[in-house]
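Working notes, beginning with the structure itself.
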Amino acid sequence: MNNNIQADLFGLTMETSSPIIKLQDAELLYRPAFYDKAESDEIFKILLETIEWKQDKIVMYGKELPLPRLSAWYGDNNKPYTYSGIRLNPLPWTDELLQIKEKIEVEAKVKFTSVLLNRYRDGQDYVGWHTDSEKELGENPVIGSINFGATRRFQLRRIDDHKDKFELELKHGTFLLMQGSTQQFWQHQVPKTATKIGERLNLTFRVIA
């Protein structure tokens with residue numbers, strides 16, 4: 001995807017040389033080749049084999065339903081996390097997760113305490129519109145996102161005007177940082193796709209207050 005074209009569609013200005021994308025009331029840092037293909041291939045294989053994946057369930061309208069993806073929560077052992085009524089107690093950091101964390105902390109300029117991993121098994125696995133604004137994350141949280149595997153669309157829309165949208169492609173080895181007031185004013189999602197695609201792993205690093 002041509003980022004300048006995408007920016008122009010929404011009346012934005014973004015220089016090719018800069019990885020910073022500024023939306024109204026939001027700031028993103030986008031690096032589509034943060035890891036090269038060889039590194040990404042190796043990390044993807046290791047995470048598939050070593051992470052303790054599970055399928056959480058959520059209660060909606062009185063019914064317990066499985067989430068349309070697999071997930072795992074790792075981090076500091078005193079930093080539990082709750083979202084959508086699901087309470088997660090962290091598993092201990094693996095060497096691979098620590099190496100990724102240390103690399104993105106240089107870009108983010110924060111020390112992350114936890115990571116939520118999501119495994120999208122095919123195009124039918126997805127995550128709907130939401131914000132990462134749970135109280136444990138504090139005000140204006142910094143969310144560092146790393147992606148491995150199949151390319152998926154990442155969409156944002158303003159909470160107060162759903163017609164105001166922005167979209168990026170998150171490819172193998174892509175790093176995306178959401179910061180500033182993004183979570184206050186923008187929702188994001190990874191939609192379903194009918195296209196036949198392979199697995200995708202997404203790691204979102206967070207700071208638990």
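The values are calculated or read from the model by the stated rules, or taken from the named source; none is laboratory data. Since the model is a prediction, treat every value here as computed from it, not as a measurement. All accessible areas refer to the heavy atoms of the entire protein, side chains included, with ligands and DNA or RNA removed. Shrake-Rupley method; radii C 1.70, N 1.55, O 1.52, S 1.80 Å.
In square angstrom, what is the accessible area per residue of the chain with a 1.4 angstrom probe?
Values: 10700 Å² over 209 residues.
Using a 1.4 Å probe on heavy atoms only, each residue of the chain averages 51 Å².
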**Item:** Length-normalised contact order for the chain - Cα pairs under 8 Å, 6+ apart - percent
**Value:** 27
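Compute the Kirkwood hydrodynamic radius of the stretch 122-199, taking the inverse of the mean of 1/r over all pairs of distinct Cα atoms, and give it in Å to one decimal. Each step should come with its number before you reach the end.
Details: mean 1/r = 0.0746 Å⁻¹.
13.4 Å is the Kirkwood radius here.
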**Item:** Accessible-area composition of the chain, carbon plus sulfur, in percent [1.4 Å probe]
**Value:** 49
**Asked** So which of Lys63/Lys171; Lys79/Lys101; Lys54/Lys171; Lys37/Lys196 end up more than 25 Å apart, counting from Cα to Cα?
**Response** Lys63/Lys171
